[in-house]
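Below is one structure; the comments refer to it alone.
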Amino acid sequence: MVNLSPFKNFVSRIDEKFRKIDAIEALIYTGCFDEFANNRAELLAAAPEYIDSINLAGNSLSLFKALEPKMPHLDDLPLTDKLTKENELLGAYISGHPTERFQNLSKFVKIVSVSELTATMKDIKVLLYVTRVKVIRTKTGKQMAFISGTDAFGELSVTVFPQLFNQIQSWLKKDIVLLVSGNVEKRDALELIANKIVPASNALSDFQRNQPKIWYLRLTNGVDKRELFDLIKQLSNQDKISPVVIYDAETKKLTKLERNLWLPTGEAVSEALIDILGIDNVVYK
């Protein structure tokens, strides 16, 4: 008895009129064989020879075994190639949307999804995977661009006027994820007028590198909570603030305070907190 791999078995069992390279490639590109042992690049490379061998062998499994080509060993397709083909063939991304790799940005800035956008929104930030860049010249001869992009929830057009385009044109291209800041307008459809654009990878690295230290405050029995929170409210309305996390030793509850209650850095702040909580209950790191 001749044992066939799942991919070979599938190709051999379908009707010959469906055993066409375009149809098989579409199935490979859309992940239909992802549970099989071979990756998409290997299956794409092997598919034409497998189809030819199966067609020549007819119903003879032993003859197919004699004609069977070798499965190549290749690195899988790059994620961007997978996603491009998935969207082209299915209108959706089944390998995960490219913007999902940068969701940690939401820890540092408020990210608005395309589906949440409404006309007249100002100074908002979106993560977009670039699917098209169209460059034109204005009446004065300056270059500007229209970017088409998507997140996991929809599509959006971004208008980039000449001054900003001049700053980013050297690296702006398809198949990258951008953090775009701007204002929403509605013409035929909602669009974003960009005032700042950076690669999402750069933005995430910058935020992580410049991530502020955190005040950790422990509440023990006997602490005057009213005095503590009066101090926090008094000190919080300043620049260069850091997050505040409070641990209640009695209830074992951990609470991260809202941004409007974050505290500034400095020896004076540390001493004021220590006066209320005790030196062993205030940590800044």
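The values are calculated or read from the model by the stated rules, or taken from the named source; none is laboratory data. Just so we're clear, the structure is a prediction, and the values are computed from it rather than from any experiment. Quick reminder, even Gly has a Cβ in these numbers, built from the backbone with ideal geometry, and neighbours come from all protein chains shown.
Numbers at a glance
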| item | result |
| --- | --- |
| Residue match in the stretch 242-250 (condition: farther than 24 Å from Gln211 by Cβ, in contact with a helix residue (DSSP H, G or I) (Cβ under 8 Å, 6 or more places away or on another chain) and at pLDDT 85 or above) | no |
| Search result, residues across the stretch 1-21 that are part of a helix (DSSP H, G or I) and either modelled with pLDDT under 85 or within 20 Å of Asn38 (Cα to Cα) (or both) | Pro6, Phe7, Lys8, Asn9, Phe10, Val11, Ser12, Arg13, Glu16, Ile21 |
| From the options Leu77, Leu83, Leu43, residue that is assigned to a helix (DSSP H, G or I) and farther than 30 Å from Glu185 by Cα | Leu43 |
| Pairs where the first residue, in the stretch 270-283, is without any contact (Cβ under 8 Å) to a residue 24 or more places away in the chain and the second is part of a strand (DSSP E or B), C-beta under 6 Å, 6+ apart | Ile274/Val282 |
| Members of the stretch 88-135 that are more than 14 Å from Val177 (Cβ to Cβ) and among the acidic types (Asp, Glu) | Glu88, Glu116, Asp123 |
| Residue satisfying all of: in the stretch 143-168; assigned to a loop (DSSP other than H, G, I, E, B) and at pLDDT below 95; nearest to Leu204 (Cα to Cα) among these | Ala152 |
| Residue in the stretch 228-246 that is farther than 30 Å from Ala119 by Cβ, among the hydroxyl-bearing types (Ser, Thr, Tyr) and more than 19 Å from the chain's Cα centre (by Cα) present | yes |
| Qualifying positions in the stretch 183-219 - within 19 Å of the chain's Cα centre (by Cα), crowded, with 16+ Cβ neighbours inside 10 Å and either closer than 30 Å to Phe229 by Cβ or among the small types (Gly, Ala, Ser) (or both) | Ala200, Ala203 |
| Any chance Leu127 is outside the structural domain of Ser181 (by TED's automatic domain parsing) and touching a Phe, Trp or Tyr at 6+ places or on another chain (Cβ under 9 Å) | no |
| Unmet criterion (only one of (1) modelled with pLDDT of 95 or more; (2) of a type in the set (Asp, Glu); (3) touching a helix residue (DSSP H, G or I) at 6+ places or on another chain (Cβ under 9 Å)) for Asp175 | (1) |
| Flag for Thr131 being within 23 Å of the chain's Cα centre (by Cα) and either outside any strand (DSSP E or B) or surrounded by fewer than 20 Cβ atoms within 10 Å (Cβ to Cβ) (or both) | yes |
| Considering residues of the stretch 222-280 that are in a strand (DSSP E or B) and of a type in the set (S, T, N, Q) only, the residue surrounded by the most Cβ atoms within 10 Å (Cβ to Cβ) | Ser242 |
| Condition met for Lys110 (among the basic types (Lys, Arg) and assigned to a strand (DSSP E or B)) | no |
| The stretch 138-160, residues that are of a type outside the set (Ser, Thr, Tyr) and surrounded by fewer than 20 Cβ atoms within 10 Å (Cβ to Cβ) | Lys139, Gly141, Lys142, Gln143, Met144, Phe146, Ala152, Phe153, Gly154, Glu155 |
